[in-house]
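To keep things clear, I will list the structure first and then write my remarks on it.
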Amino acid sequence: MSIVVYLGDDAETRDWIALLERLLPEFEIRDFDDPGDRAAVEYAVVWAPPAGGIARFPNLKAVVSIGAGVDHVLRDPDLPRHLPILRTTGPDMVQRLREYVALHVLAHHRDLAVTDAFQARAHWQQIVTPVAGKRRVGIMGMGQIARACARTLVSLGFDTAGWSRSGTSAEGVTPYAGPDGLPEFLARSEILVCLLPLTPETRDILNAAIFARLPKGARLINAGRGGHLVEADLLEALDSGHLAGATLDVFRTEPLPTDHPFWRHPSIRVTPHVASYIDPATGASVVAANIRSFQRTGTCEAVADPKRGY
Ligand code: NDP
């Protein structure tokens, strides 16, 4: 029995193969593009596999996503739909996202971009911002990672709300659920943080209609996926002055093309999909534990629901 690995980068793939060989000695670990006997492959451990790639393995038991999202697997039109997909998260991934969200919420809260612009002109002007308790932050998505970020914002004193399908929440976070809860959630969100999974329901969700419901001067942080954002609608909302700033980590096209207007927009901060990352050593041990659990019981906590898309 064997496992194939695909990361789209030869050196990274080799690292993961070496780690999984040590952690799962009962399996042969192979490169996705050099799989040997395809019928022997039971698991495909992947990030953004090529279309049609997974379907080449007739006896797969599950696909393992090297990441919390599974959209990069589900986008394959030839993906065998019966296959379970296992997500991978780890403490380092959650911690990095907590740092990212705290950093950029605080930067917007304290108007850091304005202070930077003043410094560039040697201009001394104090900006007094409200204390965190008077700043309303809204997080779209209340999954495992998002709840940890919400708790961090609560601990910093922010007035924090979370929006999800079911009204899932975390201690100290005001819950809002589904389409009915969305207008009120948006109306109170001075800083909107998107941590949704990309699904058919959430694609293009950050659009003009949503921005119009945010308070004037609101800010956006998108660390979900690029497919959540209608880019032209964001530019329009910023240029009209309705939104005051945006921090974007994820993009429809990655790497973001050098001539893309986001790079040079004065109200946009671009980060190159670095909000979080799984260290290969930590990630491989989570993947190995999930595969072992799946081998034993036919399921595990990390299984995503392909119908929901997350
Ligand atoms: P989960 O998959 O654990 O949970 C998803 C959350 O989104 C749930 O709260 C769910 O609601 C909610 N949701 C899903 N669809 C809808 C919808 N249509 N309307 C309202 N709410 C919805 O998420 P995680 O917190 O683990 O991760 C979230 C996402 O963060 C990932 O899918 C990925 O896109 C992104 N991410 C980005 C990274 C980066 O580096 N930029 C790194 C890691 C993750 P309910 O609770 O009711 O099910």
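The values are calculated or read from the model by the stated rules, or taken from the named source; none is laboratory data. As the structure is a computational prediction, the values presented were derived from the model and not from experiment. With ideal geometry, Cβ positions are generated from the backbone for all residues, glycine too; neighbour counts draw on all protein chains shown.
Key figures
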| quantity | calculated |
| --- | --- |
| Those residues of segment 107-147 which are touching a residue at least 40 places away in the same chain (Cβ under 8 Å) and of a type in the set (D, E, K, R), in sequence order | Arg135, Arg136 |
| Test: residue in segment 6-14 that is assigned by TED's automatic domain parsing to the domain that holds Gly283, of a type in the set (A, V, I, L, M) and over 16 Å from Thr88 (Cα atoms) | yes |
| Subset of segment 185-206 [within 14 Å of the ligand (Cβ to nearest atom), under 24 Å from Gly245 (Cα atoms) and surrounded by fewer than 19 Cβ atoms within 10 Å (Cβ to Cβ)] | Arg203, Asp204 |
| Candidate set from segment 151-168 (those that are closer than 18 Å to Tyr310 by Cβ and touching a Phe, Trp or Tyr at 6+ places or on another chain (Cβ under 9 Å)); member that is nearest to the ligand (Cβ to nearest atom) | Ser164 |
| Criterion violated by Ala289 - all others in (1) touching a helix residue (DSSP H, G or I) at 6+ places or on another chain (Cβ under 7 Å); (2) of a type in the set (A, V, I, L, M); (3) not assigned by TED's automatic domain parsing to the domain that holds Phe211 satisfied | (1) |
| Strands (runs of 3 or more DSSP E) wholly inside segment 22-131 containing at least 3 residues that are in contact with a Phe, Trp or Tyr (Cβ under 7 Å, 6 or more places away or on another chain) and either under 29 Å from Val270 (Cα atoms) or not hydroxyl-bearing (Ser, Thr, Tyr) (or both) | 41-46 |
| Whichever residue in segment 1-40 is among the acidic types (Asp, Glu) and within 16 Å of Arg56 (Cβ to Cβ) and, among such residues, is surrounded by the most Cβ atoms within 10 Å (Cβ to Cβ) | Asp31 |
| Flag for Asp249 being under 21 Å from the mean Cα position of the chain (by Cα) and more than 22 Å from Ser276 (Cα to Cα) | no |
| Residues that are under 13 Å from Gly298 (Cα atoms) and surrounded by fewer than 21 Cβ atoms within 10 Å (Cβ to Cβ), drawn from segment 60-84 | Leu60, Lys61, Leu83, Pro84 |
| Number of positions in segment 258-271 that are surrounded by 12 or more Cβ atoms within 10 Å (Cβ to Cβ), without any contact (Cβ under 8 Å) to a residue 24 or more places away in the chain and assigned to a loop (DSSP other than H, G, I, E, B) | 1 |
| Test for Gly241: is it more than 16 Å from the ligand (Cβ to nearest atom) and in contact with a helix residue (DSSP H, G or I) (Cβ under 9 Å, 6 or more places away or on another chain) | no |
| Every residue from segment 272-301 that is touching a Ser or Thr at 6+ places or on another chain (Cβ under 7 Å), assigned to a loop (DSSP other than H, G, I, E, B) and within 13 Å of the ligand (Cβ to nearest atom) | Ile278 |
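For every residue, the table says whether it meets (1) surrounded by 18 or more Cβ atoms within 10 Å (Cβ to Cβ); (2) of a type outside the set (Asp, Glu).
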{"residue": "His242", "(1), (2)": "no, yes"}
{"residue": "Glu254", "(1), (2)": "no, no"}
{"residue": "Ala275", "(1), (2)": "yes, yes"}
{"residue": "Gln295", "(1), (2)": "no, yes"}
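One line per residue, one yes/no per condition, for (1) under 23 Å from the mean Cα position of the chain (by Cα); (2) modelled with pLDDT under 95; (3) not charged (D, E, K, R):
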position	(1), (2), (3)
Ala48	yes, no, yes
Gly53	no, no, yes
Lys61	no, no, no
Ile66	yes, no, yes
His72	yes, no, yes
Leu86	yes, no, yes
